Amino acid sequence: MGTAPWLRNLLLLLALLPAAAPSFASLLDTPPAPPQKAAQFDAIFQNVVGPSSMDAPYETYNTWLEQLRTLLPPGDAAREVQFRSVYCGSPRWKDAQQGLAYTDDALRRAQAARDIASQGRAQFCRVGFVQLLHGTRQAISEADKLVALLQDSGERQLYGEALMLRGGLLSDIGEEAKALIDFQRARAAFRDAGIDHEIDYLQMKIAVAYRRIGDFGQAERYFTGSVARQQDLGDWERQVSDLIQLGYLYEESGELPKARASFERALAVALKHESGLNIASARLGLASAQIAQGEFDSALTTLAQARAGYAAEQVTANEGMLQLMEGEAVAGKGQHLQALAHFRQALPLIEKDGNQRYLAMLYQAQSASEEALGRIGEALADYKRYASLQASLQAKMRLEQSHLLEYEYEIRRRDFENQRLRTEALARRQQLAALEREQRWQWLALTLGVLLLGLLATLAWRQQRRARRLRTLAMTDPLTGAASRRAIEKTAASALEVAQRQGKPLSLLLLDLDHFKNVNDRHGHAAGDAVLRDTVQAWQAQLRDRDVLGRIGGEEFAVVCAGADLAQARMIAQRLLDATRAIRLPDIDPALRMATSIGIAEARADDTYESLFARADAALYRAKQQGRDRVAD
């Protein structure tokens with residue numbers, strides 16, 4: 001289970017709730033600020049909306065908002081529009097309906113002033129209040145409007161924040177692939193805005209996405225590092241948030257003692273700083289760990305404390321999870337009628353929020369209680385709902401893992417390109433500085449030298465390109481673009497040597513297109529060549545960037561998977577199997593369907609390339625003997 005969705009999504013961007021909620025008029029009920037304070041207002045406003053706001057602790061950010069309120073020059077309509085567009089995110093709003101009304105007023109003022117940036121900031125607040133009042137899916141619709149508003153504007157930082165916000169909401173409902181695309185685009189937008197460092201909150205949301213698709217190791221490395229970093233920075237609220245996320249990570253990966261310790265540590269930090277919402281969220285996580293460990297009475301006590309904490313802050317967004325967990329706890333004590341009452345109250349709230357993972361948990365728990373009460377028909381119906389949701393979630397997780405590979409490749413490619421561009425820009429600046437220091441009489445010599453260097457560089461480049469082309473021809477299969485047999489054998493032997501020396505896993509996949517001869521016989525060799533090219537293209541899209549695909553003859557191929565053990569190799573092979581089945585060839589025969597048999601062998605400490613190849617070939621033979629269109633190892 002996760003923390004309250006609004007808290008997870010808006011902790012950094014919109015500090016929406018603690019403190020008190022006065023009327024609109026009272027918010028500005030301060031003595032008029034003298035006109036000379038306009039410059040001070042502008043300086044503080046730049047802190048609130050500029051790059052420094054991205055990493056500012058919550059307390060600092062909220063202090064800036066209050067400073068703006070006291071510095072706002074009276075009668076200054078333009079600055080009042082700016083002020084209202086950010087003050088809707090003040091922690092003074094406890095009543096969500098009142099906060100939404102203030103936000104809509106701020107949005108109308110910004111629209112009347114044609115201030116795109118202020119419209120965007122007010123829409124940020126609207127997303128948060130709509131999520132509190134109407135659930136995550138409706139909030140995503142509001143976030144779509146925000147992204148569309150800013151997409152073609154010059155507000156690159158604000159556009160990045162909008163993408164980051166929408167990505168967090170998408171992640172909450174299980175759309176991790178879409179979320180990761182938004183996070184990637186946000187990262188690029190921040191770079192465009194001149195922010196040259198990684199945004200910690202964005203990195204946290206990416207780590208949450210890793211957790212939700214099952215890459216616990218990647219997520220744990222981020223969260224443990226971030227907890228230490230936030231402790232050093234003194235940002236205790238982000239430290240609490242990271243500890244809570246770490247607790248859910250350990251719980252989902254089955255490390256219950258670690259999960260409980262993480263939640264208890266988060267609770268201790270929140271209690272030290274007397275933060276009601278953080279205390280309640282940490283207790284919600286702790287109760288989840290207590291239920292998983294069978295401590296049902298302790299869990300009910302912790303849940304009651306969490307409920308009281310949320311009630312004191314007038315937060316109702318977690319009511320569905322509270323009811324679900326209370327139902328699980330009383331069911332654990334054998335009180336199944338009482339558990340069903342809790343589940344019935346939780347169902348519409350979880351359905352409204354749209355979280356399919358929590359809905360599956362509810363149906364599973366409800367089915368178990370109905371079975372315990374002898375309500376076999378109801379139990380079977382709920383279990384079928386659970387099984388259907390679980391199958392859908394697992395299919396989605398496999399898809400998300402595939403998209404994650406593409407995402408990681410795109411991130412690395414962009415990093416490499418950005419580094420290359422920065423290096424080239426630095427080199428150009430250094431060259432210009434050197435040229436400017438030279439005397440006028442040296443220009444002719446420099447020009448001649450540059451021309452000579454350019455000529456030599458051109459000749460060298462042409463020679464290098466020719467040599468590279470020759471190497472490529474020798475190492476690449478000319479029909480499919482995959483590695484040639486010579487290249488794949490050399491790659492496999494080298495990768496095997498490295499894997500054995502470093503003690504890392506390596507797997508070899510051998511693939512053979514089933515009944516490929518029939519394609520050549522029925523449609524001709526040109527059609528067969530087209531099938532081979534399309535198949536290789538489909539396979540390349542499913543491989544990791546370090547996997548190497550090569551053609552070893554006819555319709556036979558090999559894939560060298562460095563760093564992949566047998567389980568990971570099976571996942572890669574399954575993706576290749578599915579990609580082959582999905583190939584459509586309307587220009588050849590609309591009814592033509594392709595399949596492949598795959599053999600897998602994981603390298604052993606005493607393997608040679610020949611012995612590894614022989615075991616993979618034997619596995620391929622078994623796959624064909626067992627009926628083709630399958631994987632064997």
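The values are calculated or read from the model by the stated rules, or taken from the named source; none is laboratory data. On a predicted model such as this, the values are computed, not experimentally measured, just so you know. With ideal geometry, Cβ positions are generated from the backbone for all residues, glycine too; neighbour counts draw on all protein chains shown. Heads up: the accessible areas ignore ligands, DNA and RNA and are worked out on the full protein's heavy atoms, side chains in. Shrake-Rupley method; radii C 1.70, N 1.55, O 1.52, S 1.80 Å.
Structural remarks
- Considering the range 260-305, and only residues there that are in contact (Cβ under 8 Å) with a residue 12 or more places away in the chain and of a type in the set (S, T, Y), the residue that is farthest from H336 (Cα to Cα) turns out to be S275.
- Some residue of the range 578-593 being open to solvent by less than 50 Å² (accessible area, probe 1.4 Å), hydrophobic (A, V, I, L, M, F, W, C) and under 30 Å from the mean Cα position of the chain (by Cα): yes
- Among the helices (runs of 4 or more DSSP H) confined to the range 167-248, the ones with at least 2 residues that are of a type in the set (S, T, N, Q) are located at 216-233.
- Among the residues of the range 368-393, those that are in contact with a Leu (Cβ under 8 Å, 6 or more places away or on another chain) and buried (at least 21 other Cβ atoms within 10 Å of the Cβ) comprise S369, E370.
- Counting residues in the range 537-551 that are in a helix (DSSP H, G or I) and open to solvent by less than 10 Å² (accessible area, probe 1.4 Å) gives one or more.
- Residues satisfying the stated conditions in the range 605-633, i.e. more than 15 Å from A595 (Cβ to Cβ) and not in a helix (DSSP H, G or I): A605, D606, D607, T608, D633
- Test: residue in the range 111-130 that is free of Cβ contacts under 8 Å to residues at least 24 places away in the same chain, within 25 Å of R191 (Cβ to Cβ) and surrounded by 15 or more Cβ atoms within 10 Å (Cβ to Cβ): no
- Scanning the range 511-536 for residues that are assigned to a helix (DSSP H, G or I), buried (at least 20 other Cβ atoms within 10 Å of the Cβ) and not aliphatic (A, V, I, L, M) returns G528, T535.
- Annotation: of all residues in the range 337-355 being open to solvent by less than 30 Å² (accessible area, probe 1.4 Å) and within 32 Å of the chain's Cα centre (by Cα), the one that is farthest from I140 (Cα to Cα) is F343.
- The residue that is most open to solvent (accessible area, probe 1.4 Å), counting only those in the range 293-336 that are touching a Pro at 6+ places or on another chain (Cβ under 9 Å) and outside any helix (DSSP H, G or I), is Q293.
- All positions within the range 418-438 that are modelled with pLDDT of 70 or more, among the polar types (S, T, N, Q) and either touching a Ser or Thr at 6+ places or on another chain (Cβ under 6 Å) or closer than 21 Å to H197 by Cβ (or both): T423
- Members of the range 596-610 that are open to solvent by 40 Å² or more (accessible area, probe 1.4 Å) and either free of Cβ contacts under 8 Å to residues at least 40 places away in the same chain or more than 18 Å from E497 (Cβ to Cβ) (or both): R604, D606, E610
- Among residues of the range 94-110 being farther than 8 Å from C125 by Cβ, of a type in the set (G, A, S) and over 30 Å from the mean Cα position of the chain (by Cα), the one that is least open to solvent (accessible area, probe 1.4 Å) is A110.
This table checks each residue for (1) among the hydroxyl-bearing types (S, T, Y); (2) farther than 30 Å from G294 by Cβ; (3) open to solvent by 40 Å² or more (accessible area, probe 1.4 Å).
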| position | (1), (2), (3) |
| --- | --- |
| L163 | no, yes, no |
| G168 | no, yes, no |
| I206 | no, yes, no |
| G217 | no, no, no |
| F223 | no, no, no |
| S226 | yes, yes, no |
| L243 | no, no, no |
